[in-house]
Structure formats: structure tokens, C-alpha cells
Amino acid sequence: MNSPDYMTGLMLIDGQLVESIDGGWLESINPASEQPIGRVPMGTAADMHRAVAAAEKAQPAWAALTVAQRAAYLNRLADAVLAEAESIARLEAIDTGNTIGAMLRDVRGSADRIRYAAGLGSELKGQTIPATPGSIHLTMRVPYGVIGRIVAFNHPFGFAASRIGPALIAGNAIVLKPSEQSPLSAARLAEICARVLPAGIVSIVTGGRETGEALVRHPRVKRLGLIGSAAAGMAIQKAAAETAVKHVTLELGGKNPLVAFADADPDRVAQAAVDGMNFTWQGQSCGSTSRILLHQDIHDAVLDRILARVREIRVGDPLDPATKMGPINSKAQYDKVMSYIELGQKEGAKLLAGGRRPRGAAFERGFWIEPTVFAGVDMSMRLAREEIFGPVMSVLRFRTEQEAIEMANDVDLGLTAAVWTRDIDRAMRVAQKIDAGYVWVNGVGAHYHGVPYGGLKNSGVGREECLEEILSCTEEKVINIMVASA
């Protein structure tokens with residue numbers, strides 16, 4: 001707290017920036033240095049109940065606005081985010097360990113997604129259903145009222161800001177609970193929303209597990225969304241159902257395969273493998289293609305190229321534009337990743353790159369792990385089956401198309417996948433057979449406005465980043481009109 005850069009943030013409830021009711025604080029640590037860099041209120045269940053009550057009170061007037069009026073507010077919010085994008089990105093890099101360039105793209109991207117949602121407001125349409133004799137049947141979209149969102153630690157500002165748009169354009173108020181592991185940018189978002197939006201329409205309540213549970217269990221919050229792990233998603237489904245019937249959407253983890261066939265170009269596959277692993281985020285991304293399945297004919301050529309590229313990744317200060325990978329987000333996540341690296345070696349996988357703390361005085365403190373590559377991995381190993389959420393790539397070998405499909409599908413998760421081949425018939429055949437909600441062919445990693453993103457199996461339910469996300473913030477109501485005969 002002695003540093004001039006130490007930040008004290010506040011929560012947003014009923015349009016006011018406030019401390020928690022009991023005065024508790026949650027301190028955030030710079031993962032590069034393990035030094036305290038700021039604090040936000042440690043919200044309680046009482047704070048969350050206060051936020052939901054304020055949201056309920058404010059929402060009817062918000063819903064009474066025209067779509068164009070709500071869109072105008074959202075565009076002003078996007079303007080305000082862009083005006084502070086560089087300072088927010090710097091804060092994000094210090095708080096998360098992610099590199100400054102990546103975080104700047106994240107912040108600017110969140111403004112784009114707010115504008116995207118604002119522009120889709122006119123698509124909140126009802127239907128006229130073919131009439132039966134003497135009647136007309138109409139549907140209309142109505143907001144839930146209060147929507148709750150719980151935000152993950154890896155893209156804290158991006159996830160929080162971009163999820164405001166769909167909820168608000170549909171006429172809801174929203175209550176956000178940021179991750180306790182990287183909460184500082186949420187306080188900046190609270191300041192922006194307090195300036196730009198009507199009181200109570202957006203609430204941001206920081207804190208720990210108690211705060212999140214209070215949001216999930218609140219009987220007046222009928223629509224919930226989470227980006228997080230499969231375990232967290234299942235726990236939220238259970239807790240939510242104990243107090244009310246709720247609409248819950250979940251974008252959860254993945255153990256995502258990149259499948260490259262013998263006709264694929266080894267250079268392009270190697271680059272895609274490194275890009276898809278999201279080393280820029282230290283591998284801390286649900287969509288990372290962390291399993292590289294290579295046909296035996298190109299296995300060695302691709303692996304050699306992957307190792308050459310991985311060894312060139314510059315690990316260092318997240319604020320240095322030349323840095324390509326920063327530290328792991330937290331001590332708990334660092335310990336988890338290192339335990340999997342140890343496990344992989346015990347299971348018999350070959351550690352070919354990384355797997356340790358980088359050398360040098362700059363890395364003596366902080367949660368640093370070199371980009372890590374294992375080969376000789378098979379599907380009997382936990383290394384190949386469980387999401388690590390760190391910079392750990394597993395390379396596997398296959399012989400036939402059917403074997404590749406079986407290996408790709410032999411996990412409980414199904415978020416993303418990538419298929420690399422020059423044979424369009426094979427590409428379509430394999431893409432359809434892989435159990436994943438989002439499949440790239442001869443590509444990896446990219447998201448696109450309007451393209452539904454979400455997972456199969458234990459990787460989630462529901463779709464986001466598209467019109468379907470906005471529609472999911474409404475309920476469909478039917479009106480039957482009985483017409484008197486002349």
C-alpha cells in the first residue's frame with residue numbers, strides 16, 4: 001500500500017461507488033512480482049442482495065426505453081471504454097500477467113462487442129403464428145429482469161464489459177461478480193458505468209465465494225451466465241436450482257484437439273499449434289488447442305517446428321511490448337500447472353521444452369513457467385484428458401482418420417477443435433464427427449462477431465457472441481387474440 005501506483009477500487013451498487021457493508025477488502029497481487037498492487041471491497045451476501053434490489057428497482061424504467069435509446073447508452077459506454085483503453089489494458093496486464101498488447105486488444109474488443117449488441121436490438125422481434133379460425137397468435141420478447149454474470153480471471157475486463165451489452169439491450173439490468181483473482185479492472189468498469197449509465201442498471205460486486213453464491217442463489221435472479229471451469233459450472237447449476245427455476249448458460253473449459261493429417265503443411269500446422277495454444281495468455285484460455293494430434297507421416301516434422309517456435313517465445317515483463325508470454329495468474333494456478341508437469345513426467349510423457357521457472361534474477365519471484373511441450377503422450381494419461389489451463393502442450397500421434405476422431409472425442413469436454421488438411425471432404429467429415437461446439441478448418445483461435453461460441457458435453461450449454469446470446473436474455477411470451485365474428 002506504500003506504492004503510489006497502489007489502487008483502491010470500489011463496487012457499483014445503485015449508481016454509487018461504495019465499500020462493502022462490513023468494510024472488508026480483497027487485495028490483488030501482481031503475478032510477475034508477488035507484490036500487492038491494489039484492493040477492492042470484499043463484498044458480502046448482504047452487498048449482493050442490495051445490488052439485486054437496486055437492479056430490480058431500476059429495471060422497469062430501463063425496459064420502458066426504446067431499443068434505440070438503450071442502444072445510445074451502450075454506444076456511449078463503448079466510447080468511454082475506448083477513451084480509457086490504454087490505461088485499462090495496463091492495469092489488466094499488471095493484475096493478470098497477460099501481455100499488454102493482448103490486453104489492449106481485449107479491451108478494444110469489448111467495446112466492439114458492446115456496439116455489436118447495441119446494433120442487434122432491432123432483432124428482438126416476435127412472431128405472428130398462422131391463425132386458427134377466430135384467433136390471432138403473437139409472440140413477443142420480454143426481459144428476465146435481473147441477469148447475473150460471473151466473470152473469469154483470464155479476460156476480466158473483456159468478459160465483463162462485453163456481457164453487459166446483450167443483457168442491457170434486451171431490457172434487463174445486470175449484476176456482475178468479477179473473479180477475485182484479478183478484480184482491479186472491474187473497479188475501473190464500475191467507475192465508467194457510474195458515469196455513463198442510469199443508476200442500478202449495472203451493478204458490480206467484488207468479493208469471494210460468498211458473494212458469488214449469493215448471486216447464484218438469489219431467487220429474483222432468473223437468468224445466470226458463467227465463464228469458468230466445468231466443475232464451477234456444475235456447482236452453479238446445482239446451487240441455482242435450489243432456490244428457483246433459472247435459465248443458466250455456461251461457457252466452460254476445454255481439452256481441445258488440433259488434428260493435422262498427412263497432407264497438411266508442417267510449417268503452417270506448427271504455427272497454428274503455437275498460436276492455438278494461446279501462450280500469449282500463458283495457455284489460460286478455455287479455447288486453447290492444448291492437444292496436438294499429428295498423423296505419423298508428419299509427426300516428427302511438425303514437432304521439430306513446434307519446438308523451434310516455442311523456444312523463441314519471449315517470457316518477461318507483461319508491460320514490455322516485446323514480451324510474448326507473462327506469468328501465470330496466481331499462486332494457486334501456478335501450483336496446479338506445475339503439478340501437471342510433474343504428473344506428465346511420472347506418466348511417461350517426454351518433456352521436450354519448458355516445464356520449469358525461467359532462469360534469471362527477473363524470475364526469482366512471481367509465478368513464472370516456461371512454455372512447455374510434452375511428446376509421447378497417449379490418451380491413457382491425465383495429461384491428455386484433463387484441462388490444465390496453463391502453457392502446457394501435449395503432442396500425440398495417430399495413424400488413421402478414425403483413430404484421430406476417437407482420440408479427439410475421448411474426453412468429457414468439447415469446446416473447440418481444429419482440423420488441418422487439404423482434402424475438403426475429409427475436413428468436413430472430421431469436423432462434423434468431432435464433439436466440439438466450435439471447429440476451425442485450416443485455422444485456429446479466431447472468434448468472429450455473430451458466430452455462436454460455446455461447447456458440447458461438459459464444456460457448457462448455450463451460445464454467446466451472437467444474436468442467440470441476446471435472445472437468451474429474453475423470454476418468449478405468447479398473446480392469443482380472439483377475434484369476434486362479424
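The values are calculated or read from the model by the stated rules, or taken from the named source; none is laboratory data. All values reported here derive from a predicted model rather than from experimental measurement. Here the Cβ is made from the backbone with ideal geometry for all residues, glycine too, and neighbour counts use every protein chain on show.
Against the test of being closer than 22 Å to Ile201 by Cα, small (Gly, Ala, Ser), outside any helix (DSSP H, G or I) and in the same structural domain as Glu213 (by TED's automatic domain parsing), the options Ser33, Ser20, Ser110 yield a single qualifying residue, Ser20. Applying the set (1) on the phi < 0 side of the Ramachandran plot; (2) touching a Lys or Arg at 6+ places or on another chain (Cβ under 7 Å); (3) crowded, with 24+ Cβ neighbours inside 10 Å to Gly200 leaves exactly one unmet item: (1). When Leu396, Leu383 are screened for being over 21 Å from Arg305 (Cα atoms) and surrounded by 21 or more Cβ atoms within 10 Å (Cβ to Cβ), only Leu383 passes.
Of all residues in the range 368-389, those being within 18 Å of Gly414 (Cα to Cα), assigned to a loop (DSSP other than H, G, I, E, B) and under 24 Å from the mean Cα position of the chain (by Cα) number 4.
Is it the case, given these coordinates, that Gly109 is under 28 Å from Glu86 (Cα atoms), touching an Asp or Glu at 6+ places or on another chain (Cβ under 7 Å) and modelled with pLDDT of 95 or more?
Working: under 28 Å from Glu86 (Cα atoms): yes; touching an Asp or Glu at 6+ places or on another chain (Cβ under 7 Å): no; modelled with pLDDT of 95 or more: yes.
In short, no.
Here the range 421-452 is the region considered, the condition is being in contact with a Cys (Cβ under 7 Å, 6 or more places away or on another chain) and not small (Gly, Ala, Ser), and the residue that is surrounded by the most Cβ atoms within 10 Å (Cβ to Cβ) is Pro452.
In the set Ala214, Ala152, Ala160, which member is in a helix (DSSP H, G or I) and farther than 21 Å from Trp62 by Cα? Result of the check over Ala214, Ala152, Ala160: Ala214. Taking the range 203-249 as the range and being more than 25 Å from Val40 (Cβ to Cβ) and hydroxyl-bearing (Ser, Thr, Tyr) as the test, the residues that pass are Thr243, Thr249. Taking residues in the range 258-271 that are exposed (fewer than 15 other Cβ atoms within 10 Å of the Cβ), and partners anywhere that are acidic (Asp, Glu), the pairs with Cβ atoms closer than 8 Å and at least 6 places apart or on different chains are Ala262/Asp297; Asp263/Asp423.
A quick yes/no check of all residues on (1) within 18 Å of Ile13 (Cβ to Cβ); (2) in a helix (DSSP H, G or I); (3) among the β-branched types (Val, Ile, Thr):
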{"site": "Gly165", "(1), (2), (3)": "no, yes, no"}
{"site": "Ser179", "(1), (2), (3)": "no, no, no"}
{"site": "Leu189", "(1), (2), (3)": "yes, yes, no"}
{"site": "Gly200", "(1), (2), (3)": "yes, no, no"}
